[in-house]
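Peer 1: My structure is below; once you've seen it, I'll send some questions.
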Amino acid sequence: MINFYEKLRNKYYCIMERKIKALIFDMDGVLIDSYSMHKEALEITAKEYGITVSEEDFISIFGKTSYEGIKSLPQFSFWSDEKIYEFNDKQDGRFREIFKTNPRYIEGSKLFLKKIYEKGYLIGIGTSAPKANAEVFLSVFGNNGFFRCVITGDDVLKGKPDPEIYLKCAEALNQKPENCVVFEDSIMGIKSAKSAGATVIALTTTHKADELKEADYIIKNFVDPNLNLIFKELKIEI
């Protein structure tokens, strides 16, 4: 029978044997500092429908597609699909306007992307957000040729925690999932990336570190000095 320490050692060596060729990023909470923007958009839109949404409700849907997130809340569970899509169109549109007016990014994200791009690594985005949100992000942030693929919630049949989105990212980058590192901030996203077979680095931008323990590594943001140590361990050059 394999004990805990043997399992940990096997996991460590499994990660060390990987040849990392691609880095895939969730968008909200990883590239965009969007927590307060999404919260504001959701609360204002819900109020228009006479519904109250708590912060606990908001946190519980992080990482899910817009449809799956709203459908999972008891306040909306009896709504028709048509009404949920109408609601989501309104709240996502409001978020895009807020972001365009005052875009905020996770600290160090832009410089970090530039560094890994210049080192020749393949870069992708795997986000549960709708395609329209990703398009606005790219137009404001500036693609700069960084992103070889952008897979959104509109491109999958099953949202996170299902692995579909990260399997599609790996396929679009022409890489095996085990040769990819995924940056995530949500519990659902970590489950999705791990199920796909990728190495996961979690950011503590949405959840506390002790809630992200399913990830392989945990950092605060892209200027966290621990990131250099992690990359050294994974043999990723920056």
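Peer 1: I'm checking my understanding of the structure. Among residues of segment 67-76 that are outside any helix (DSSP H, G or I) and out of contact with any helix residue (DSSP H, G or I) (no Cβ under 7 Å at 6 or more places or on another chain), which one is most open to solvent (accessible area, probe 1.4 Å)?
Peer 2: Of everything passing the filter in segment 67-76, 74 is most open to solvent (accessible area, probe 1.4 Å).
Peer 1: Could you tell me which numbered condition residue 48 fails, if it satisfies all but one of (1) open to solvent by 20 Å² or more (accessible area, probe 1.4 Å); (2) in contact (Cβ under 8 Å) with a residue 40 or more places away in the chain; (3) under 21 Å from residue 126 (Cβ atoms)?
Peer 2: (3)
Peer 1: Scanning segment 118-135 for residues that are outside any helix (DSSP H, G or I) and among the small types (Gly, Ala, Ser), which turns out most open to solvent (accessible area, probe 1.4 Å)?
Peer 2: Taking the candidates together, the pick is 120.
Peer 1: Still on this model: Quickly run through segment 146-169 and pick out the residues that are closer than 13 Å to residue 24 by Cα and of a type in the set (D, E, K, R).
Peer 2: 148, 168 - these are the residues of segment 146-169 that are closer than 13 Å to residue 24 by Cα and of a type in the set (D, E, K, R).
Peer 1: From 115, 64, 110, which residue is in a loop (DSSP other than H, G, I, E, B), open to solvent by 20 Å² or more (accessible area, probe 1.4 Å), in contact (Cβ under 8 Å) with a residue 24 or more places away in the chain and basic (Lys, Arg)?
Peer 2: Testing whether each residue is in a loop (DSSP other than H, G, I, E, B), open to solvent by 20 Å² or more (accessible area, probe 1.4 Å), in contact (Cβ under 8 Å) with a residue 24 or more places away in the chain and basic (Lys, Arg) leaves just 64.
Peer 1: Shifting gears a bit: List pairs: first residue in segment 129-147 and within 22 Å of residue 186 (Cβ to Cβ), second residue among the hydroxyl-bearing types (Ser, Thr, Tyr) and in a loop (DSSP other than H, G, I, E, B) anywhere in the structure, Cβ distance under 7 angstrom, at least six positions apart or on different chains.
Peer 2: Here the result reads 129/152; 130/152; 131/152; 134/127; 134/152, each pair linking segment 129-147 to a residue that is among the hydroxyl-bearing types (Ser, Thr, Tyr) and in a loop (DSSP other than H, G, I, E, B).
Peer 1: State the number of residues belonging to segment 83-107 that are open to solvent by less than 90 Å² (accessible area, probe 1.4 Å), part of a helix (DSSP H, G or I) and β-branched (Val, Ile, Thr).
Peer 2: Residues in segment 83-107 being open to solvent by less than 90 Å² (accessible area, probe 1.4 Å), part of a helix (DSSP H, G or I) and β-branched (Val, Ile, Thr): 2 in total.
Peer 1: Next question. So, of the residues in segment 222-238 that are closer than 19 Å to residue 111 by Cβ, touching a residue at least 60 places away in the same chain (Cβ under 8 Å) and more than 19 Å from the chain's Cα centre (by Cα), which turns out to be most open to solvent (accessible area, probe 1.4 Å)?
Peer 2: 237
Peer 1: Note down all Cβ pairs under 6 Å where the first residue falls in segment 201-221 and is in contact (Cβ under 8 Å) with a residue 40 or more places away in the chain, the second is charged (D, E, K, R) and open to solvent by less than 30 Å² (accessible area, probe 1.4 Å), and they're at least six residues apart or on different chains.
Peer 2: The qualifying pairs are 203/185; 205/185; 206/185.
The values are calculated or read from the model by the stated rules, or taken from the named source; none is laboratory data. The structure presented is a predicted model; accordingly, all values stated were derived computationally and were not measured. With ideal geometry, Cβ positions are generated from the backbone for all residues, glycine too; neighbour counts draw on all protein chains shown. Side chains included, ligands, DNA and RNA excluded: accessible areas come from the protein's heavy atoms. Shrake-Rupley method; radii C 1.70, N 1.55, O 1.52, S 1.80 Å.
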